[in-house]
Amino acid sequence: PDLSVVSVHMKLTENNEAAIPDEEKLERTLPVHKINTDGQKKLEKPTDPIQFMWIGHSTFLVQFDGLTVLADPVFLYRCSPVQFAGPYRYRPVPCEIEDLPKIDAVIVSHNHYDHLEHDAVQKLNTRFSQIKWFVPEGLESWFRGYNCQNVTEMTWWDEASIERPDVKICCVPAQHSSQRTPTDAMKSLWCGWIIKSKTHTFYYSGDTGYCPVFKIIGDKYGPMDLSAIPIGGYAPRNFMKPQYISPEEAVKVHTEVGSKCSIGIHWGTFGPKQNFNLASSAKSSMVKDDVNRNRDDRNPFIIHSNGCVTTAIRL
């Protein structure tokens with residue numbers, strides 16, 4: 001089927017077809033750790049070699065070697081062109097943009113509404129005047145339209161320096177799609193990102209189907225000290241498989257890129273239909289079994305809590 005039609009249907013559906021439970025059960029199964037004073041101190045003055053915070057869905061903050069990078073910023077209640085219809089949050093954000101430390105750079109994987117939000121872009125650009133934006137080919141003009149000045153548009157295998165010469169950012173392939181309006185399908189690229197310093201490497205896969213490129217990425221840039229890899233929104237497989245990896249495939253990606261520690265993203269946030277089957281029983285479900293079936297405790301793949309500021313070294 002036409003994935004754009006499926007996407008529109010999913011965005012407009014409001015029925016609770018995923019049987020999202022009441023707030024009490026959500027608090028037990030999917031706790032959100034609202035940022036507190038201690039968490040903000042950790043973010044403002046990191047003491048660990050590499051630390052991260054999963055903000056929800058695919059929004060992810062990572063800090064290492066004096067650098068703070070935010071991936072795919074989305075903070076509104078709905079990931080939609082409008083706030084009166086479309087997929088809504090059944091778990092809130094753990095923080096607001098006002099709570100974030102100084103952001104040096106933002107990486108954007110593609111232009112779908114659950115990965116790119118105009119409101120977040122405007123707020124980040126206003127709050128951090130020197131912020132750098134790294135975006136896939138075809139999106140620079142969109143960001144310029146929101147008065148973003150430091151925009152670097154990249155295509156697969158491009159490399160650039162980020163913040164200082166000893167840290168490079170690399171745009172790497174993913175198997176996905178792009179569309180934001182009825183007329184712009186596939187007119188901009190989609191990608192993953194590598195951020196590599198002398199001491200640490202971070203991999204953000206973006207949305208992707210499974211394909212042979214992950215072994216190539218691992219050979220070229222690995223091993224990865226920390227990776228953020230999607231584990232939700234992958235069903236039904238008959239039409240989602242080309243663009244969304246399953247939890248079992250996520251473990252393969254984790255292994256093939258040589259990740260020492262991976263965090264599952266793209267789950268447990270938006271409903272009603274996209275990924276609640278994973279979120280509803282994250283502690284005991286078959287999905288978690290899939291993630292952990294081939295788990296190597298020396299190189300863990302973690303289903304992590306939303307909002308915790310965590311060091312990757314101690315996981």
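The values are calculated or read from the model by the stated rules, or taken from the named source; none is laboratory data. Bear in mind that the values here come from a model prediction, so they are computed numbers and not experimental data. Counting neighbours? That spans all protein chains shown, and the Cβs are built from the backbone with ideal geometry, glycine included. The accessibility values were calculated without ligands, DNA or RNA, using every heavy atom of the protein model including side chains. Shrake-Rupley method; radii C 1.70, N 1.55, O 1.52, S 1.80 Å.
Please enumerate the residues belonging to the range 244-260 that are assigned to a helix (DSSP H, G or I), open to solvent by less than 10 Å² (accessible area, probe 1.4 Å) and touching a strand residue (DSSP E or B) at 6+ places or on another chain (Cβ under 7 Å). Within the range 244-260, ALA250, VAL251, VAL253 meet the criteria.
How many of the residues making up the range 118-138 are at pLDDT 95 or above and open to solvent by 10 Å² or more (accessible area, probe 1.4 Å)? Going through the range 118-138 one residue at a time, the tally reaches 11. All of VAL69, VAL106, VAL62 fail the test of being closer than 24 Å to SER197 by Cβ, at pLDDT 85 or above and touching a Lys or Arg at 6+ places or on another chain (Cβ under 8 Å), apart from VAL106.
So in the range 151-176, with the set limited to residues that are of a type in the set (Asp, Glu), in a strand (DSSP E or B) and farther than 23 Å from PRO212 by Cβ, which one is modelled with the highest pLDDT? My answer is GLU153.
Of all residues in the range 130-152, those that are at positive phi have Cβ atoms under 6 Å from Cβ atoms of residues that are assigned to a loop (DSSP other than H, G, I, E, B), 6 or more apart or on another chain, in GLY138/LYS187; GLY138/SER188; GLY138/LEU189.
Please verify whether the range 184-195 includes one or more residues that are under 24 Å from PHE52 (Cβ atoms) and either of a type in the set (A, V, I, L, M) or surrounded by fewer than 23 Cβ atoms within 10 Å (Cβ to Cβ) (or both).
yes
Look through the range 213-243, keep the residues that are of a type in the set (Phe, Trp, Tyr) and either modelled with pLDDT of 95 or more or closer than 18 Å to PRO300 by Cα (or both), and return whichever of them is surrounded by the fewest Cβ atoms within 10 Å (Cβ to Cβ). Explain how you work it out, then say what you get.
Of the residues in the range 213-243, the ones of a type in the set (Phe, Trp, Tyr) are 214, 221, 234, 239.
In the following step, the residues that additionally are either modelled with pLDDT of 95 or more or closer than 18 Å to PRO300 by Cα (or both) were identified as 214, 221.
Details: PHE214: 29, TYR221: 19.
The extreme case among them is TYR221.
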